[in-house]
Amino acid sequence: MRIALTGASGKLGAVVARELRAHGWDVIGMDVVGTRAPDFVQVDEEYPARPESVYSLVKTLEEQLARELVRWHPDLSITALRFSNVMVPEDYAAFPSFDADARQRKWNLWGYIDARDGAQAVERALQVAKPGFDRFIIAAADTVMSRPNAELIAEVFPGVPMTREVGPNETLLSIDHAREVLGYDPQHSWRDHV
């Protein structure tokens, strides 16, 4: 199956494209930066800012794929939230410094995602390929902090009760739905690199 991957030149997109291709998927990368090639389409800079340009991009892609007699699955859509939480091993050297100020990374409960695990989640979603909409939180199995969760929560969110037991450094983001539906199984931790 041919996959249209937006944001293909970004930190996550580049790894997703590489990993999907390595597993036999036919990937057309799309982004505002990059060089046109048979497997890459450079899109207009206004594409992310204007919702109607997304529709135009998809229609253009559908027309291109129809000319190439490639089946397109418009019912299958994978969207990633855009934020600076995707990590690659080169980023992990900075993680120990996060312990100094627990409030610095509280905005997402000290979570992160290794780009390789992000690629795994995308591939699993493509394999499951259920038409329609579902939502998943994709994160690493651990936090960015060396400090234990109980200490972090007491300091930053005093008085907030825990509704379930969590390990000392287990992610506080609920990745259970992704595990159950997609078979998502995060394999990478910053602790293996620092």
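What to note about this one:
- Annotation for segment 110-118: no member residue is modelled with pLDDT under 95 and of a type in the set (Lys, Arg).
- Filter pass, residue 145 being at pLDDT below 90 and over 30 Å from residue 27 (Cβ atoms): no
- Counting the residues of segment 10-31 that are surrounded by fewer than 16 Cβ atoms within 10 Å (Cβ to Cβ) and either assigned to a loop (DSSP other than H, G, I, E, B) or not charged (D, E, K, R) (or both) gives 3.
- Among the residues listed as 124, 116, 135, 105, the single one being within 30 Å of residue 155 (Cα to Cα) and not assigned by TED's automatic domain parsing to the domain that holds residue 24: 105
- Across segment 141-182, the qualifying residues are those that are over 17 Å from residue 106 (Cα atoms) and of a type in the set (Val, Ile, Thr), and the one among them that is nearest to the chain's Cα centre (by Cα) is 175.
- Residues (in a loop (DSSP other than H, G, I, E, B) and of a type in the set (Gly, Ala, Ser)) located in segment 126-153: 129, 132, 139, 140, 141, 146
- Any hit, segment 176-188, residues being surrounded by 20 or more Cβ atoms within 10 Å (Cβ to Cβ), in contact (Cβ under 8 Å) with a residue 60 or more places away in the chain and in a helix (DSSP H, G or I): yes
- The lone criterion from (1) of a type in the set (Ser, Thr, Tyr); (2) under 12 Å from the mean Cα position of the chain (by Cα); (3) more than 19 Å from residue 19 (Cβ to Cβ) left unmet by residue 112 is number (3).
- Look at segment 93-108: where a residue is touching a residue at least 40 places away in the same chain (Cβ under 8 Å) and of a type outside the set (Phe, Trp, Tyr) and a partner is loosely packed, with under 14 Cβ neighbours inside 10 Å and in a helix (DSSP H, G or I), sitting 6+ places away or on another chain with Cβ atoms under 6 Å, you get 102/155.
- Failed item, numbered, when residue 107 is tested on (1) in contact with a helix residue (DSSP H, G or I) (Cβ under 6 Å, 6 or more places away or on another chain); (2) among the aromatic types (Phe, Trp, Tyr); (3) at pLDDT 90 or above: (1)
- For segment 69-89, the criterion of being under 30 Å from residue 168 (Cα atoms), of a type in the set (A, V, I, L, M), modelled with pLDDT of 70 or more and assigned to a helix (DSSP H, G or I) is satisfied by no residue at all.
The values are calculated or read from the model by the stated rules, or taken from the named source; none is laboratory data. In this text, all values refer to a predicted model and were calculated from it rather than measured experimentally. Reconstructed Cβ throughout: ideal geometry from the backbone, glycine too, with neighbour counts over all protein chains shown.
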